[in-house]
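Novice: Here it is, the structure, as structure tokens.
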């Protein structure tokens, strides 16, 4: 029987359970005329990727997209296999042996580095790791942060940087009503942090945060957002672009920033200071960060017409004991899978992996999401991206490139359990989800996330033993 028929289902492994992975699963399972079985793997016991571990705790509406993914998971041909790490419990070669096709939707889990002296001093941290920590990711639960000082510096000018700044200055009693990790709420409540300085290497017209993110802090009465009027004077290049190339988000950002500059410092207890055309030069300190040296930048027109920043001789020292770099995510290689170290992505053509040596197609190996295109776009961007990858996969199926025998699904299940005895199923997640929501209800929060794998497994064992 041909692969994809009722007696010989097309078996697809999806590695990663974030939006990109679930959109790929949805498109596969809804495709008429092809019988598909999807097994989704994730290295943590819980699904949803950055929807759970990356979206800000006070953005619950955005997290509601998980309901769409729950509908996909309800399909009888879908299986979730959590707490299974590809490269540790199961290899890429195993997946190629047990499935007709593998789609990597692992995102971009590492952060970009600043590349400046003393970047690794204690007190200097990865922004993405901090986001995962306050979102209760079990991979980052053991990290610690010192909030004893009154000021933090966030290097970056995008939505992640804005989220970090907002989380650092929101009142702890407000954070306690979100699903922020309880350990993060406690640490911030016990700290002395009152001021966050955001550094953007380019000007206000090139800021990467959205107007919605900016207005979210600008409209608060209990937080000052400080913008110097002189920083809003656009250079000739930015003025030219503003006149020749309309951009709704840019114009809205400039309008809000202008309102903030006119409003000035209202003397609030907590504040965010926004600096533009400013780049870090070096971190200062011996055994811990005690300051960051910054340079004033100027803009110039690059080879492709884009505006780029370069440092001038103007320098300044900003005292701080806490620095977060939030200048972007980047993918990490998976053993046995092609990887482009320049773009930090899996090299693909319409979602199909290609051999980096000769550019030839690697039938049966695919990618979607950030590991395919780089860390750009919003959650919804992953849907058409996943559809493109799945359509390429199905074209390969129709062309006969995926016609081969693979073991039955139960054989893989037995192999995985032999190597990882504590994997989680979708039913396990639903049980944990209920526990988290119940604990949250008791304190007036959407949920209290379980941040430790051992605690998740204890809950599941107690359920199986009849203890709960």
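The values are calculated or read from the model by the stated rules, or taken from the named source; none is laboratory data. No experiment lies behind these values; they were computed from the predicted model shown. Cβ placement follows ideal geometry from the backbone for every residue including glycine, while neighbour counts extend to all protein chains displayed.
Novice: Residues that are more than 25 Å from residue 377 (Cα to Cα) and touching a residue at least 24 places away in the same chain (Cβ under 8 Å): find the helices (runs of 4 or more DSSP H) completely inside the range 129-248 holding 3 or more of those.
Specialist: Because the criterion is at least 3 residues that are more than 25 Å from residue 377 (Cα to Cα) and touching a residue at least 24 places away in the same chain (Cβ under 8 Å), the helices (runs of 4 or more DSSP H) in the range 129-248 that meet it are 182-189.
This table checks each residue for (1) crowded, with 19+ Cβ neighbours inside 10 Å; (2) within 21 Å of residue 19 (Cα to Cα).
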{"site": "103", "(1), (2)": "yes, yes"}
{"site": "116", "(1), (2)": "no, no"}
{"site": "119", "(1), (2)": "no, no"}
{"site": "124", "(1), (2)": "yes, no"}
{"site": "128", "(1), (2)": "yes, yes"}
{"site": "137", "(1), (2)": "yes, yes"}
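Novice: Just to be sure before I move on: is residue 416 assigned to a helix (DSSP H, G or I) and either surrounded by 13 or more Cβ atoms within 10 Å (Cβ to Cβ) or in contact (Cβ under 8 Å) with a residue 24 or more places away in the chain (or both) in the structure I sent?
Specialist: Spelling it out, residue 416 is indeed assigned to a helix (DSSP H, G or I) and either surrounded by 13 or more Cβ atoms within 10 Å (Cβ to Cβ) or in contact (Cβ under 8 Å) with a residue 24 or more places away in the chain (or both).
Novice: Shifting gears a bit: Got a number for residues in the range 95-128 being under 15 Å from residue 280 (Cα atoms) and assigned to a strand (DSSP E or B)?
Specialist: 3
Novice: Also, I was wondering about something else. Do we have residue 406 as in contact with a strand residue (DSSP E or B) (Cβ under 9 Å, 6 or more places away or on another chain), buried (at least 18 other Cβ atoms within 10 Å of the Cβ) and part of a loop (DSSP other than H, G, I, E, B) here?
Specialist: Yes.
Novice: Going by the conditions given, is residue 375 in contact (Cβ under 8 Å) with a residue 60 or more places away in the chain and touching a helix residue (DSSP H, G or I) at 6+ places or on another chain (Cβ under 7 Å)?
Specialist: No.
Novice: In the list 201, 250, which residue meets the criterion of being under 26 Å from the mean Cα position of the chain (by Cα), surrounded by 15 or more Cβ atoms within 10 Å (Cβ to Cβ), within 23 Å of residue 167 (Cα to Cα) and modelled with pLDDT of 95 or more?
Specialist: That would be 201, the only listed residue that is under 26 Å from the mean Cα position of the chain (by Cα), surrounded by 15 or more Cβ atoms within 10 Å (Cβ to Cβ), within 23 Å of residue 167 (Cα to Cα) and modelled with pLDDT of 95 or more.
Table: residues versus (1) in contact (Cβ under 8 Å) with a residue 12 or more places away in the chain; (2) buried (at least 20 other Cβ atoms within 10 Å of the Cβ); (3) out of contact with any strand residue (DSSP E or B) (no Cβ under 9 Å at 6 or more places or on another chain); (4) part of a helix (DSSP H, G or I).
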| site | (1), (2), (3), (4) |
| --- | --- |
| 25 | yes, yes, no, yes |
| 34 | yes, no, no, no |
| 68 | yes, no, yes, yes |
| 75 | yes, no, no, no |
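Novice: Given (1) under 30 Å from residue 146 (Cβ atoms); (2) touching a strand residue (DSSP E or B) at 6+ places or on another chain (Cβ under 7 Å), where does residue 187 come up short, assuming only one miss?
Specialist: (2)
Novice: Restricting the first residue to the range 356-369 and requiring it to be assigned by TED's automatic domain parsing to the domain that holds residue 386 and modelled with pLDDT under 95, which pairs with a second residue that is surrounded by fewer than 20 Cβ atoms within 10 Å (Cβ to Cβ) and outside any strand (DSSP E or B) meet a Cβ separation below 7 Å and a spacing of at least six or different chains?
Specialist: From residues that are assigned by TED's automatic domain parsing to the domain that holds residue 386 and modelled with pLDDT under 95, the pairs are 356/338; 356/347.
Novice: Please determine whether any residue of the range 456-465 is touching a helix residue (DSSP H, G or I) at 6+ places or on another chain (Cβ under 8 Å), under 24 Å from residue 76 (Cα atoms) and either part of a loop (DSSP other than H, G, I, E, B) or without any contact (Cβ under 8 Å) to a residue 60 or more places away in the chain (or both).
Specialist: Yes, there is a match, as at least one residue in the range 456-465 is touching a helix residue (DSSP H, G or I) at 6+ places or on another chain (Cβ under 8 Å), under 24 Å from residue 76 (Cα atoms) and either part of a loop (DSSP other than H, G, I, E, B) or without any contact (Cβ under 8 Å) to a residue 60 or more places away in the chain (or both).
Novice: Which count do you get for residues in the range 287-322 that are assigned to a loop (DSSP other than H, G, I, E, B), under 28 Å from the mean Cα position of the chain (by Cα) and more than 19 Å from residue 235 (Cβ to Cβ)?
Specialist: 5
Novice: Further, regarding this structure: Please specify each residue of the range 434-452 satisfying the condition of being surrounded by 18 or more Cβ atoms within 10 Å (Cβ to Cβ) and not in a loop (DSSP other than H, G, I, E, B).
Specialist: 435, 436
Novice: Restricted to the range 36-55, and to residues that are touching a residue at least 60 places away in the same chain (Cβ under 8 Å) and part of a strand (DSSP E or B), which residue is surrounded by the fewest Cβ atoms within 10 Å (Cβ to Cβ)?
Specialist: The qualifying residue surrounded by the fewest Cβ atoms within 10 Å (Cβ to Cβ) is 37.
Novice: Residue under question is residue 411, and the condition is that it be surrounded by fewer than 14 Cβ atoms within 10 Å (Cβ to Cβ), more than 28 Å from residue 177 (Cβ to Cβ) and in contact (Cβ under 8 Å) with a residue 24 or more places away in the chain; does it hold?
Specialist: Yes; evaluated as a whole, the condition is true for this residue.
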